[in-house]
Amino acid sequence: MQKAPSNAKQISQTTFNMLAQMFGSCLLAYPFVCYKVGWVLSILLFIHSFVSILILMHYYIEACYYTRAMSYKDLGVILLGKKFGILIDVALVVSYYGFMTAYVIISATGINNFAKNYFHQIWNPYITKSVIAFGIMFPLTLLKSLKQISKISTIAGLIIFVFIFTVIAYFFIQVSQSSVLCSYTDSTGSHSIKFGYPAFPDQSAGMSFIWLIMYIPSTHSNFQVHPIIPRLLKELVGSYPLRKRLVNKSLYISVFIGVVGFGCVGFMGAVMFGSQIKQSVLKAFEPCKFVWIDIISLCYAFVVIINFPLVLYPLKTSLVQTFGQQIETKRGYGMGIIINLVFTVLCLLLALFLETIVSIFGLFGSIAGFFYYFLMPIYCYIVAKKLKEQNIGLDAENVVAFEEDLPVITQEQNNASKAFGPKEQIEVAIVSSDLNTDLTTERDDIVCKNEEAETSKQNSVYPKVLDNPYNSTAKQPKVIGITIICIYAVICIIGVVMNFQDVIEGFKTK
């Protein structure tokens, strides 16, 4: 019998999975945001994200725990109905579209820069993006099994941590030597990248405040791990209450590490590049021609290329299920190919004409973020107390939350239970004149016992309570929750308007 993993091992694995969700292409864009709003507002932005994600994720985990939702969409359906479940799917599509578009941009930039610096080849960015999208990313999405890619992605994820330590190392090395990161010469003359980080934006107080608000949704999305929580609660080993404790501990650890990682890259990157910061910090490093940075940039390109099919797969699976199919079937796989093609084309089209990944994250984060990061978790806060009251039995250490948690029936037991076949077959056999009454009675007894065992098995799983918890919720959490939802709705609307303006400017300057 295989030994169950220790709690410490499960926490470390879960923490790594959460960090893999947090760290990605957003990490490259954060120094630009920090510089644009200034270090004072950056600290406020950071504190808000840190506090809000811990509070909202606490209630989100509680809701997933007490409803035993199988996915984010499933939670939405259980609490708010099928239409809201579809809305969650739409929000997921919009959010992932922004991330996947950034993958195309980042990978093309890294590969083009490496070819330019070390092979003296200047490749057309349109061709590079097209080749990456249809020559590499799209074929990877056609794989029926992503197990091997997942293993590679886990190893490749270490590159992100290497990048964080690289930024820290360059910062302290250059700070100890001078206030200049590097000097370079181009067609316009000699230049130096000097350290500098303003306290506030060079704008009026009102506009500075709007800039702060417009980046709240995208900064909040840096710490999003919502999609994997239901799966963790189901797949971790141990009693159901223990799984919740493990998820909570892993979340606290990963958010703390995430704050340190984003803080180091964001603040140090903003200081190092000053006014010459770019929307991707790797692109800002280009003039310096640091060999190590160029290698990291190339590796980062392969990381996001590998992540493309991994990010698309659960989204594709959910969409196929929405149409009443399963991805494992031939028809479902065919529908999956169409979804792969549509997403690849749409991501490429936007990536061809837009390089401003901060604006992309800001726009799509504000559109999808209201439903995905704010509305649903805040609603979980509103109904949290009633959900717990309805499902208090799940807090017992010996409770069976899922049918999969029941003891596995051995092959011998399974064969014994099937020895006489279905009840209908036995009843037909009873009619045969070859069977005597005693044998018939014995077989009926066995069938009854098998049916009782199956009923006992079903009853041993804790039943799901389907009563709407909102109707019986007290007035105070409703008022508080709805007020907070309205505030974040205004924040997201401002984020959509402001980031949309930046996207339009990006099209004009392209």
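Given the options L27, L79, L87, name the one that is within 30 Å of M207 (Cα to Cα), part of a helix (DSSP H, G or I) and of a type in the set (A, V, I, L, M, F, W, C). Talk me through it step by step, then tell me what you get.
Numbers: L79 fails: within 30 Å of M207 (Cα to Cα); L87 fails: within 30 Å of M207 (Cα to Cα).
Being within 30 Å of M207 (Cα to Cα), part of a helix (DSSP H, G or I) and of a type in the set (A, V, I, L, M, F, W, C) holds for just one of L27, L79, L87, which is L27.
Only a single criterion out of (1) at pLDDT 85 or above; (2) under 17 Å from G258 (Cα atoms); (3) in contact with a helix residue (DSSP H, G or I) (Cβ under 7 Å, 6 or more places away or on another chain) is not satisfied by F161, namely (3).
Candidates S472, S433, S456: the one that is assigned to a loop (DSSP other than H, G, I, E, B) and modelled with pLDDT under 55 is S433. Of all residues in segment 9-57, exactly one satisfies the criterion of being of a type in the set (D, E, K, R) and surrounded by fewer than 19 Cβ atoms within 10 Å (Cβ to Cβ), namely K9. So if I check each of L348, L363, L319, which one is crowded, with 19+ Cβ neighbours inside 10 Å, under 22 Å from N112 (Cα atoms) and in contact (Cβ under 8 Å) with a residue 40 or more places away in the chain? Every option except L348 fails the conditions.
Residues A169, A156: which one is at pLDDT 80 or above, out of contact with any strand residue (DSSP E or B) (no Cβ under 8 Å at 6 or more places or on another chain), within 30 Å of T15 (Cα to Cα) and of a type outside the set (D, E)?
On the way: A156 fails: at pLDDT 80 or above.
The conditions single out A169.
Can you confirm whether I105 is surrounded by 14 or more Cβ atoms within 10 Å (Cβ to Cβ), within 23 Å of the chain's Cα centre (by Cα) and more than 20 Å from L352 (Cα to Cα)? When the stated conditions are applied, I105 does not pass them. Of all residues in segment 182-230, those that are within 18 Å of V497 (Cβ to Cβ) and either assigned to a loop (DSSP other than H, G, I, E, B) or among the β-branched types (V, I, T) (or both) total 8. Take the residues of segment 214-232 that are out of contact with any Gly (no Cβ under 8 Å at 6 or more places or on another chain) and among the polar types (S, T, N, Q): which is farthest from V260 (Cα to Cα)? Only one residue tops the list, namely Q224.
The values are calculated or read from the model by the stated rules, or taken from the named source; none is laboratory data. Note that the coordinates shown come from a computational prediction; the quantities given were computed from them, not determined experimentally. Positions of Cβ are backbone-derived with ideal geometry, glycine not excepted, and every protein chain shown enters the neighbour counts.
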